Amino acid sequence: MMGFVWMVGAAMAAVLASWAFNALVYLLWRPEMISRKLRAQGVGGPGYRFFSGNLDEIKRLRADAAAGPALDVADHDFVPLVQPHFRKWIPLYGRTFVYWFGAKPSVCVADVDMVKQVLFDRKGLYPKNIGNPHIARLLGKGLVLTDGDDWKRHRKVVHPAFNMDKLKMMTVTMSDCAGSMMAEWEAKLAKSNDVEIELSSQFEELTADVISHTAFGSSFNEGKRVFEAQRELQFLAFSTVFNVQIPGFRYLPTEKNLKIWKLDSSVRSMLTGIIKSRLASKDTMGYGNDLLGLMLEACAPEHGESPLLSMDEIIDECKTFFFAGHDTTSHLLTWTMFLLSTHPEWQEKLREEVFRECGAHEAPNGDMINRLKLVNMFLLETLRLYSPVSLIQRKAGSDLELGGVKVPEGTVLSIPIATIHRDKELWGEDAGEFKPLRFENGVMRAAKHPNALLSFSSGPRSCIGQNFAMIEAKAVIAMILRRFSFSLSPKYVHAPMDVITLRPKFGLPMVLKSLETM
């Protein structure tokens, strides 16, 4: 008996010793070796600190920035507020440097030629980085987060839903949703010459309404409930971004994990109900012409073959286009209205174009929207200065060479979009200024590098929903310009914040007036 106990104790001691050795290798030896190899190639960076890496400094810099003064409304450089570590480290270490999320190396890739090498890769060398499980839970492992053959399979299913002809047909739905929102504004204006409205939350509800109708058709009310749960899940997920990701910790029943599990379960349950209801009615009503119907139709098995996507994969795809389809567009609308209110001369230019190309009363259609050249330039410049996503990441799928630098497998590659969009070497000395006419000759000629605008990423994995977002934004902005003039409320505080996507920290209060009474 004693011998057995001794053997068990020895085995446990061996396991613990092995675990301790592996932990020391991962937390001490490996970071030192990676730092040394990168330094030898001219790639420096802030030094690694045991266990936490540079996370403590990042959190301190962010806290200091949050406690500091807000920006002037004419100042579009929010990088010191949102990514103060990049603003501090790039002047010290250059556009390419290594920093540490815990013991995980992350290479900043702010050189556009290197960015192009990553984003235009077709060999699968730079897969998506799913470092935070809660972000993956929010987005769903749909088209945005899949790689390789899975990505090709998902894209085959999703792509038909974003055909330009189908998107143009959805413009009617977008206009109807926007019309309902503006009817509420007009009802308030009937009682007063002007009215103050917080537009950021209004646009969140509008774009949730649009994606609910265009994605789920008659089930739009259930879709809006998905939006409410997703929004709460978004803030919870982002609160974990700058924490050291400890293996297995996400499975512990902490208060935050329990909330996240409950919300995710609710989202999956609602989406499952919508999908099953659609499948049950397909024999009498078909799959439907909304995004879900088009996806289910593309998924339908042929000749006894297995469906292209499983039920779980369809749910994940719904989560992906529901979050991405409403969140990014709502913030594009918010920042566009902010810039229109602070540049009244452009507000008038765009209003004249809208009346000329869309008329005074008719709902904008696809052909009208295509003729809104100034509106398009204005939106592109808004995307440059206030890109809804200020950072994208990939990782090295193997030991590889990037821009002449040998990068070890597993290294996260962080592309700081907000920094690149303000790079004077790319955009000129006026890079920090709001100038829509820089896009007069198209996106490819707006900067010194044809791939400098990264708001929707770039290359074969660029955002499949970018046309959806731009059409919706043009339709909504055109309708607002035709019916209202607007100015920034004195209550507005210019403090952009990043919660996966870029939003005004204190909302966007705006003073609206009806054009019909002016």
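FYI, it's all coordinate maths here, none of it is from the lab. Values in this document were obtained by computation on a predicted structure and should not be read as measured data. Neighbour counts run over all protein chains shown; Cβ positions are idealised from the backbone, glycine included.
Among 392-398, 326-332, 248-254, 450-456, how do they line up by average Cβ neighbours within 10 Å per residue, starting with the highest?
Final packing ranking: 326-332, 450-456, 392-398, 248-254.
Under a crude label model (7 Å from the Cα following the beta-carbon direction), how far is residue 155 from residue 184 in nanometres?
3.9 nm
What ranking, highest mean first, results for peptides 60-68, 27-35, 312-320 when packing means the other Cβ atoms within 10 Å averaged over each residue?
Sorting 60-68, 27-35, 312-320 by mean packing, highest first, produces 312-320, 27-35, 60-68.
Mind pulling up the Rg/Rh value for the range 402-518? Radius of gyration and Kirkwood radius, both on Cα.
With Rg and the Kirkwood Rh in hand, the quotient comes to 1.04.
Using the Cα centre of the chain as the reference point, and only Cβ charges (+1 on K/R, -1 on D/E), how large is the resulting charge dipole? Debye, rounded to the nearest 20.
1320 debye
When a/c reaches 1.5 or more, the comparison of a/b and b/c decides; with that in mind, is the range 27-139 rounded, prolate or oblate per its Cα gyration tensor?
Rounded is the answer for the range 27-139, as its axis ratio a/c remains below 1.5.
If you build the Cα gyration tensor of the range 310-370 and take the root of 5 times each eigenvalue, what three semi-axes come out, in whole angstrom, biggest first?
33, 17, 6
About its Cα centre, what dipole magnitude does the range 354-421 give when the only charges are +1 on Lys and Arg Cβ and -1 on Asp and Glu Cβ, stated in debye to the nearest 20?
Computed about the Cα centre, the dipole is about 120 debye.
What is the gain in length, in nm to one decimal, between residue 279 and residue 433 on full extension, counting 0.36 nm per residue of separation less the C-alpha to C-alpha distance?
Fully extending the segment from residue 279 to residue 433 adds 50.3 nm.
Provide the three semi-axes, in whole Å and in decreasing order, of the ellipsoid equivalent to the range 338-387 as defined by the square roots of 5 times the Cα gyration tensor eigenvalues.
The equivalent ellipsoid of the range 338-387 has semi-axes of 20, 13, 8 Å.
On the Cα set of the chain, report Rg and Dmax in Å, please.
Final numbers for Rg and Dmax: 24.8, 96 Å.
Compute the distance in nm between two label points, each set 7 Å from the Cα along the Cα-to-Cβ direction, one at residue 251 and one at residue 123.
Modelled inter-label distance: 3.6 nm.
In nanometres, what is the gap between the two model label sites at residue 169 and residue 63, each 7 Å from Cα along Cα-to-Cβ?
5.4 nm
Between residue 261 and residue 193, take the C-beta separation as r, use R0 = 35 Å, and let me know the FRET efficiency to the nearest 0.05.
0.10
Rounded, prolate or oblate: which fits the range 277-411 when a ≥ b ≥ c are the square roots of the eigenvalues of the alpha-carbon gyration tensor, with rounded for a/c under 1.5 and prolate only if a/b beats b/c?
Note, shape of the range 277-411 comes out oblate.
Using the crude model of +1 on Lys and Arg Cβ and -1 on Asp and Glu Cβ, and no other charge, please compute the dipole size for the range 138-182 relative to its Cα centre, in debye to 20.
Approximately 140 debye in magnitude.
Tell me which lysines have Cα within less than 19 Å of residue 319's Cα, excluding those fewer than 8 residues away on the same chain?
In chain and number order, the partners are 128, 141, 152, 156, 224, 259, 262, 276.
Which length gain, in nm to one decimal place, applies between residue 399 and residue 312 when the Cα-Cα distance is subtracted from 0.36 nm times their residue separation?
Here the answer is 28.1 nm.
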